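Enquirer: After the structure tokens below, expect a handful of questions from me.
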Amino acid sequence: MTDTFDPRRNTDISSFLDQEAPAGENTRQLLESSFGAQVHYRNIENISRACQQQGVPVGQHPGFLDRLMGALDGLEQLAETEDFECLSAWHDGMHPIEDETALEQGAAQTCLQNIRSLAQAMQALPQMQAQADFADIVMAALPQDHRDENERRLGQALQALPQIQAPEGFAQQVTQAIAQQESLAETNAQRLTAALQALPQPEVPAGFAQQVMQRIEALTQDTHSQNQQRLDLALQALPQIQAPADFAARVMQQIDTLQQPISAEDTENISACLDGELSEHESRQTLKALQANPALSRQHRQHQQLSAALQALPRPEATPGFVAKVMLATEQAARPKLFALPWLMRSRAGQMVAGFGLFGLLVMLSQTLVTGTQGPTEVATGPQVQIIQVEHQPEDLLFTDMIDMDNVLEHVAEEDYNLWIGG
Amino acid sequence: MASINVKEEQEALIIRCQSGDRQAFMELVQTYQNMVFAILYRMLKEREEIEDLAQEVWVKVYQSIRKLKSPAAFRSWLHRIALNAFRDRMRQKGNQIAFSLDDSYQMDNGDSIQVEMEAPGLLPEEELLQTEWQERLEAAILELPYSHRAVIVMREIQGMSYDEIAFAMDISLGTVKSRIARAREKLIVRLSEYMKEKEGSQA
């Protein structure tokens, strides 16, 4: 019995498998009687399963399986065509055929149609990236009986798949593009270099290199110098302390003070100026000096402060009755002190004179007692005679009228007077 | 005009004293007794001796007033007598008289007296009473050398002019000027710390 099943003309099995159409009586009979139909059925079933395993969305592309199976079935039929490879190569433009009219006849025509159909079917396949072992999986899903044959056919089919034809001159364009890219890269490198060179260069002060060399030489002179330099660098690297705003001014004031020492003459002038003892010209000069010299100005303020304090000191007053005491003292001082005269007793001659004086006094007193009251008589010359006269004045006269006493004392030699008063 | 009249009255009073008018002399003592007390108070450390020394001064004035040629210079002359009396008293007391640390008193016989005294201590309290400040100032005055003490007292306490001071101490005007300046400097140095405190407390 010859199997007349032609899968290219039967789509019922596919629809049956897709459960898109109920299986008709003919399909059932065909599947029961025809080995080719059974193979076709299994092929569809296996390929469908393989697609599902690979996640190929077969259902989203209606007719995909049909076209695929049709292509496979066609290949199966064309397997007996001897000129298949030639036709495939001719189809791909790789094998010229002298008499192309033969292609329109018999099996060659069918084979060529199959090739075209396959090409169309393959082109219609959704472009997906299959796994590397997709073919193996598909082949493993096929019935083992026809595996080798199917594998061969699949290999041929894959080879027959339309190769991506690069446009004419593509390689040249690519080469030119690469060359252009290389050229651009070179150009970019040049531009980058130029841009870098065009960047603003930091200003190096004149003689910088020389200074650096000098510092290096200085650093290598000796350890002390090195340490000093390191210390300077370390100090410079320290966080700079923020000085108060008036720090510089205060420093300058201090410097001014140091630079302008105060002379003794300056001090005397500001002191005298404070007392109003300078002439107008001297006062002007002193005021100028005060304005120019902060230290002198400070000293002037101190003098003022001191002067005010001195003048504010309490003034002691004389004790009560002091005037009376003075008046009494003057009276007592005005009374000559005969026996207290130190000059009289200092020398032997003085003692003799005093002795004679005392003797004369006694003689005088005795005469007075004998002859009655009479005025004093000069018994000798010199100050002691005057004293004797004073001593004989009435007491009330002596202490009531000091002018008389002074008149008496006026006759006394000045040096003796000084001795008396102790001056 | 009033001051001229006062001056004339004072001169007339002195002339009367020179003529031996005891009543005038009494008025003179009454007028100038406080001045003598003031100069002696600042010069003499032993305050109990002030009255005695002042009395001695007035006795000398009484005895010597006729020698005063210019009554207008009486004030200076009075101070000269007071200072001489003070110096005589110092001579009598010898080394009992206190002098400053850096000064020596030249005796008539050429000996010098050097007496140590304690330097004035500084009071740490910020708020010192005025009396304490005055005591410190008075102590500093007493520690001055005699020559400086005399001129600064006559100038600042007695209010005398440089001419009067020169007459009273029988020195030149330049010396007066120099001594007053130096006396002030010494006082400022000795009171410097306290003056700073005082200035700071007033600021």
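Enquirer: For the condition open to solvent by 10 Å² or more (accessible area, probe 1.4 Å) and of a type outside the set (Asp, Glu), what is the one hit in B:ALA24, B:ALA12, B:ALA38, B:ALA54? Explain how you work it out, then say what you get.
Expert: Numbers: B:ALA24 fails: open to solvent by 10 Å² or more (accessible area, probe 1.4 Å); B:ALA38 fails: open to solvent by 10 Å² or more (accessible area, probe 1.4 Å); B:ALA54 fails: open to solvent by 10 Å² or more (accessible area, probe 1.4 Å).
Answer to the selection: B:ALA12.
Enquirer: I would also like to ask the following. Taking B:GLN130, is it open to solvent by less than 40 Å² (accessible area, probe 1.4 Å) and modelled with pLDDT of 50 or more?
Expert: Details: open to solvent by less than 40 Å² (accessible area, probe 1.4 Å): no; modelled with pLDDT of 50 or more: yes.
Considered against the rule, which asks whether it is open to solvent by less than 40 Å² (accessible area, probe 1.4 Å) and modelled with pLDDT of 50 or more, B:GLN130 comes out as no.
Enquirer: Where residues in region A:1-33 are among the small types (Gly, Ala, Ser) and either at pLDDT 75 or above or part of a helix (DSSP H, G or I) (or both), which of them is surrounded by the most Cβ atoms within 10 Å (Cβ to Cβ)?
Expert: We begin by selecting, within region A:1-33, every residue among the small types (Gly, Ala, Ser); these are A:14-15, A:21, A:23-24, A:33.
Okay, now just the ones that are also either at pLDDT 75 or above or part of a helix (DSSP H, G or I) (or both), so A:14-15, A:33.
Numbers: A:SER14: 22, A:SER15: 16, A:SER33: 13.
The residue in question is A:SER14.
Enquirer: Among B:ALA73, B:ALA38, B:ALA24, which is over 19 Å from the mean Cα position of the chain (by Cα) and among the hydrophobic types (A, V, I, L, M, F, W, C)? Don't jump to the end; show me each part of the working.
Expert: On the way: B:ALA73 fails: over 19 Å from the mean Cα position of the chain (by Cα); B:ALA38 fails: over 19 Å from the mean Cα position of the chain (by Cα).
Step by step, each of B:ALA73, B:ALA38, B:ALA24 is checked, and only B:ALA24 is over 19 Å from the mean Cα position of the chain (by Cα) and among the hydrophobic types (A, V, I, L, M, F, W, C).
Enquirer: Another question about this same structure. Which of the residues spanning region A:278-302 are of a type outside the set (Ser, Thr, Tyr), over 50 Å from the mean Cα position of the chain (by Cα) and surrounded by 20 or more Cβ atoms within 10 Å (Cβ to Cβ)?
Expert: Pass one, region A:278-302, residues of a type outside the set (Ser, Thr, Tyr): A:278, A:280-282, A:284-285, A:287-296, A:298-302.
Checking which are over 50 Å from the mean Cα position of the chain (by Cα) leaves us with A:278, A:280-282, A:284-285.
The one that is of a type outside the set (Ser, Thr, Tyr), over 50 Å from the mean Cα position of the chain (by Cα) and surrounded by 20 or more Cβ atoms within 10 Å (Cβ to Cβ): A:LEU278.
Enquirer: In addition: For B:GLU49, work out the one condition from (1) open to solvent by 60 Å² or more (accessible area, probe 1.4 Å); (2) more than 10 Å from chain A (Cβ to nearest Cβ); (3) of a type in the set (Asp, Glu) it doesn't fulfil.
Expert: Failed condition: (1).
Enquirer: Still on this structure: Please go through region B:166-190 and pick out each residue that is touching a residue at least 40 places away in the same chain (Cβ under 8 Å) and within 10 Å of another protein chain (Cβ to nearest Cβ).
Expert: B:LEU187
Enquirer: Further, regarding this structure: Given the conditions (1) modelled with pLDDT of 80 or more; (2) within 11 Å of another protein chain (Cβ to nearest Cβ), report the number of the one that B:ALA82 does not fulfil.
Expert: (2)
Enquirer: Quick check, is B:ILE157 within 29 Å of B:ALA72 (Cβ to Cβ) and at pLDDT below 90? Working first, answer last.
Expert: On the way: within 29 Å of B:ALA72 (Cβ to Cβ): yes; at pLDDT below 90: yes.
When the stated conditions are applied, B:ILE157 passes them.
Matching residues to (1) in a helix (DSSP H, G or I); (2) modelled with pLDDT under 70:
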residue	(1), (2)
A:ILE115	yes, no
A:PRO126	no, yes
A:ARG147	yes, yes
A:ARG152	yes, no
A:LEU158	yes, no
A:GLN163	no, yes
A:GLN173	yes, no
A:ASN188	yes, no
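One line per residue, one yes/no per condition, for (1) modelled with pLDDT under 90; (2) in the same structural domain as B:ARG155 (by TED's automatic domain parsing); (3) on the phi > 0 side of the Ramachandran plot; (4) assigned to a helix (DSSP H, G or I):
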residue	(1), (2), (3), (4)
B:GLU27	no, no, no, yes
B:TYR32	no, no, no, yes
B:GLU48	yes, no, no, yes
B:ALA54	no, no, no, yes
B:ASP88	yes, no, no, yes
B:ARG91	yes, no, no, yes
B:LEU123	yes, yes, no, no
B:GLN134	yes, yes, no, yes
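The values are calculated or read from the model by the stated rules, or taken from the named source; none is laboratory data. Keep in mind it's a predicted model, so treat the numbers as computed, not measured. So basically every Cβ, Gly included, is an ideal-geometry build from the backbone, and we count neighbours across all protein chains shown. Ligands, DNA and RNA are stripped out before the accessible areas are found, and what is left, the full protein with its side chains, is counted by its heavy atoms. Shrake-Rupley method; radii C 1.70, N 1.55, O 1.52, S 1.80 Å.
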